Amino acid sequence: MNTEHDSHHGSALHVNDGVEQPDQINRAAVERIKKSKRRQLSDDEFVKEILDGNRIVLSKAITLAESTNPLHHQQAQNIIAKCLPHAGNSIRIGITGVPGVGKSTFIEALGKYLTAMNFKLAVLAIDPSSSRTKGSILGDKTRMEELSVDANAFIRPSPSAGSLGGVARKTRESIILCEAAGFNVIFVETVGVGQSEIAVHSMVDFFLLLMLAGAGDELQGIKRGIMEMADAIFINKADGENMKSAARAQNEYKNALHLFPPAQSGWIPKVGTCSARSKLGIEKVWETITEYSDFTRENGYFDQRRREQKNLIMYDAINEGLKSDFYENSEVRKKLPELIAKLQADEISEYVAAQKLTELYFINKKQNPSKPR
Ligand code: GDP
């Protein structure tokens with residue numbers, strides 16, 4: 001067919017075919033993301049997308065890991081196993097302090113400082129008391145406004161309420177998934193009120209305690225044991241009228257830390273001041289973390305600690321698994337009230353009661369072997 005276009009061939013009116021312009025949007029990626037939103041992915045597809053840094057799939061994998069559905073749980077385990085060889089390339093930082101000390105303001109300030117330097121930051125949390133409806137820590141949308149829309153940051157609220165062991169496990173699994181997705185700085189936030197610090201400490205490389213000046217330790221609810229775990233203490237809100245008292249508190253904490261036994265890492269915990277709100281001293285915090293990382297990588301403690309953590313987590317998982325299998329055992333559940341009654345009536349000692357129950361459990365397990373989850 002002789003179109004007008006063809007008829008001008010060779011003449012000045014001929015219009016050459018233009019160079020095809022590339023699409024503004026990466027359609028293939030959009031399609032892939034859409035697909036991954038809709039469809040059930042296989043384990044390998046999950047892993048591939050996670051390694052490609054697909055956040056939607058990363059979120060999905062974390063949701064699977066958090067699920068109580070046994071099928072989801074199993075799939076999450078398969079994905080995590082395949083991600084493990086790609087994980088670990090990060091610095092894991094625990095951040096704690098009582099509510100109101102400024103943790104989220106601080107995470108936003110340090111987080112923005114890091115993402116501006118092109119670090120990829122994942123912010124996770126452990127708050128066993130939280131439930132999604134009650135505004136879990138990090139669940140509140142108004143927190144970390146800038147960071148939550150930062151392309152270099154990924155924020156994930158605390159897994160919803162459950163046993164501390166369960167919540168900690170989910171967070172630990174999220175760390176692996178985030179690292180496999182390329183996040184090289186991991187923050188794990190927790191509230192500074194007790195057991196959850198120990199769980200966070202057991203999964204991070206560096207533990208940062210935020211404090212306030214002018215409030216007694218008791219007031220801040222910080223136990224000596226938590227101070228002892230800290231690799232750095234920063235007195236936050238060192239701004240305006242608080243500056244002087246923050247400097248005083250800094251000295252006091254420095255002196256207090258001298259009284260603690262030296263850390264296994266050989267590192268001497270640092271004490272500093274900062275203002276998360278005014279973004280003062282934030283770079284000093286990062287300097288301290290980098291210094292710690294260099295120091296412990298150099299003396300071998302960094303790797304040693306990660307290896308120890310792996311063992312500890314495995315032992316914890318064994319203990320948890322055995323314990324829950326024991327208490328969920330129907331025979332044990334049946335017998336328990338009777339033995340408690342005997343125990344209370346002084347008819348039997350604590351140890352004999354415990355022995356009878358464990359014997360019953362083992363006999364029952366032999367007869368009905370079942371795999372604990
Ligand atoms: P969180 O409960 O530990 O997460 O604390 P938030 O980050 O929610 O902060 C609690 C309050 O302290 C908020 O009103 C913040 O604006 C304020 N705050 C946080 N950091 C600073 C700071 O560096 N200086 C001052 N003056 N206020 C701060």
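Give the residue that is nearest to the chain's Cα centre (by Cα), with candidates limited to residues of segment 117-126 that are under 17 Å from Met203 (Cα atoms) and either in a loop (DSSP other than H, G, I, E, B) or more than 16 Å from the ligand (Cβ to nearest atom) (or both).
Just the residues of segment 117-126 that are under 17 Å from Met203 (Cα atoms), to begin with: 121-126.
In the following step, the residues that additionally are either in a loop (DSSP other than H, G, I, E, B) or more than 16 Å from the ligand (Cβ to nearest atom) (or both) were identified as 121-122.
Numbers: Leu121: 11, Ala122: 8 Å.
Among residues in segment 117-126 that are under 17 Å from Met203 (Cα atoms) and either in a loop (DSSP other than H, G, I, E, B) or more than 16 Å from the ligand (Cβ to nearest atom) (or both), the one nearest to the chain's Cα centre (by Cα) is Ala122.
Return yes when Leu339 is in a helix (DSSP H, G or I), of a type in the set (A, V, I, L, M, F, W, C) and farther than 30 Å from Thr96 by Cβ and no when it is not.
Numbers: in a helix (DSSP H, G or I): yes; of a type in the set (A, V, I, L, M, F, W, C): yes; farther than 30 Å from Thr96 by Cβ: yes.
When the stated conditions are applied, Leu339 passes them.
Per-residue answers, yes or no, for (1) surrounded by 15 or more Cβ atoms within 10 Å (Cβ to Cβ); (2) within 16 Å of the ligand (Cβ to nearest atom):
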site: Gly214; (1), (2): no, yes
site: Ile226; (1), (2): yes, yes
site: Ala246; (1), (2): yes, yes
site: Ala249; (1), (2): yes, yes
site: Asn255; (1), (2): no, no
site: Gly272; (1), (2): yes, yes
site: Ser278; (1), (2): no, yes
site: Tyr292; (1), (2): yes, no
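For segment 160-214: of the residues being part of a loop (DSSP other than H, G, I, E, B) and β-branched (Val, Ile, Thr), which is modelled with the lowest pLDDT?
Restricting attention to segment 160-214, the residues satisfying the condition of being part of a loop (DSSP other than H, G, I, E, B) are 160-163, 181-184, 192-194, 202-205, 213-214.
Still in the running and β-branched (Val, Ile, Thr): 193, 204.
Details: Val193: 63, Val204: 96.
Out of the qualifying residues, it is Val193.
Please go through segment 98-112 and pick out each residue that is among the polar types (S, T, N, Q) and either more than 6 Å from the ligand (Cβ to nearest atom) or under 15 Å from Ala238 (Cβ atoms) (or both).
Step one: list which residues in segment 98-112 are among the polar types (S, T, N, Q), which gives 104-105.
If the condition is that a residue be among the polar types (S, T, N, Q) and either more than 6 Å from the ligand (Cβ to nearest atom) or under 15 Å from Ala238 (Cβ atoms) (or both), then Thr105 is the only one that fits.
Is it the case that Pro70 is surrounded by fewer than 18 Cβ atoms within 10 Å (Cβ to Cβ), in contact (Cβ under 8 Å) with a residue 40 or more places away in the chain and in the same structural domain as Ala199 (by TED's automatic domain parsing)?
Considered against the rule, which asks whether it is surrounded by fewer than 18 Cβ atoms within 10 Å (Cβ to Cβ), in contact (Cβ under 8 Å) with a residue 40 or more places away in the chain and in the same structural domain as Ala199 (by TED's automatic domain parsing), Pro70 comes out as no.
Tell me which residues, restricted to segment 122-154, are at pLDDT 90 or above and either under 19 Å from Ile79 (Cβ atoms) or buried (at least 21 other Cβ atoms within 10 Å of the Cβ) (or both).
Scanning segment 122-154 gives Ala122, Val123, Leu124, Leu147, Ala153, Phe154.
Does any residue in segment 319-332 that is in contact (Cβ under 8 Å) with a residue 40 or more places away in the chain come within less than 7 Å, Cβ to Cβ, of a residue that is crowded, with 16+ Cβ neighbours inside 10 Å and in a helix (DSSP H, G or I) six or more places away or on a different chain, and which pairs are these?
Glu320/Gly165
Out of Ser42, Ser7, which single residue is modelled with pLDDT under 90 and at negative phi? Spell out the reasoning first.
Values: Ser42 fails: modelled with pLDDT under 90.
None of the other options fit; the residue is Ser7.
Based on what the data block shows, is Tyr315 under 25 Å from the mean Cα position of the chain (by Cα) and loosely packed, with under 11 Cβ neighbours inside 10 Å?
Numbers: under 25 Å from the mean Cα position of the chain (by Cα): yes; loosely packed, with under 11 Cβ neighbours inside 10 Å: yes.
Considered against the rule, which asks whether it is under 25 Å from the mean Cα position of the chain (by Cα) and loosely packed, with under 11 Cβ neighbours inside 10 Å, Tyr315 comes out as yes.
Sort out which residues of segment 228-244 are of a type in the set (A, V, I, L, M) and away from the ligand (no atom under 12 Å from the Cβ), and write them in order of number. Let's see the steps before the verdict.
Going through segment 228-244, the residues of a type in the set (A, V, I, L, M) turn out to be 229-230, 232-233, 235, 238, 243.
Once the filter is applied, which keeps residues that are of a type in the set (A, V, I, L, M) and away from the ligand (no atom under 12 Å from the Cβ), segment 228-244 yields Met229, Ala230, Ala232, Ile233.
Can you confirm whether Leu259 is surrounded by fewer than 15 Cβ atoms within 10 Å (Cβ to Cβ) and outside the structural domain of Leu114 (by TED's automatic domain parsing)? If you could, list the steps in order and put the result at the bottom.
Working: surrounded by fewer than 15 Cβ atoms within 10 Å (Cβ to Cβ): yes; outside the structural domain of Leu114 (by TED's automatic domain parsing): no.
It is false that Leu259 is surrounded by fewer than 15 Cβ atoms within 10 Å (Cβ to Cβ) and outside the structural domain of Leu114 (by TED's automatic domain parsing).
Please work out which one of (1) more than 30 Å from Gly102 (Cα to Cα); (2) open to solvent by less than 100 Å² (accessible area, probe 1.4 Å); (3) among the polar types (S, T, N, Q) is the condition Gln367 fails and give its number.
Failed condition: (2).
Would you point out which residue out of Glu350, Glu359, Glu291, Glu320 is charged (D, E, K, R) and modelled with pLDDT under 95? Quick ask: steps written out before the conclusion?
Numbers: Glu350 fails: modelled with pLDDT under 95; Glu359 fails: modelled with pLDDT under 95; Glu291 fails: modelled with pLDDT under 95.
Result of the check over Glu350, Glu359, Glu291, Glu320: Glu320.
Among the listed residues Ala247, Ala199, which satisfies the condition of being more than 24 Å from Pro157 (Cα to Cα) and touching a strand residue (DSSP E or B) at 6+ places or on another chain (Cβ under 9 Å)?
Working: Ala199 fails: more than 24 Å from Pro157 (Cα to Cα).
Exactly one residue qualifies, and that residue is Ala247.
Mind telling me which of the residues Ile62, Ile56, Ile79, Ile95 ends up being surrounded by fewer than 16 Cβ atoms within 10 Å (Cβ to Cβ) and either assigned by TED's automatic domain parsing to the domain that holds Ile289 or more than 16 Å from the ligand (Cβ to nearest atom) (or both)?
When all the criteria are applied, what remains is Ile56.
The values are calculated or read from the model by the stated rules, or taken from the named source; none is laboratory data. Keep in mind that what you see is a predicted model, and the values were worked out from it rather than measured. Please note: Cβ atoms are built from the backbone with ideal geometry, for glycine as well, and neighbour counts cover all protein chains shown. All accessible areas refer to the heavy atoms of the entire protein, side chains included, with ligands and DNA or RNA removed. Shrake-Rupley method; radii C 1.70, N 1.55, O 1.52, S 1.80 Å.
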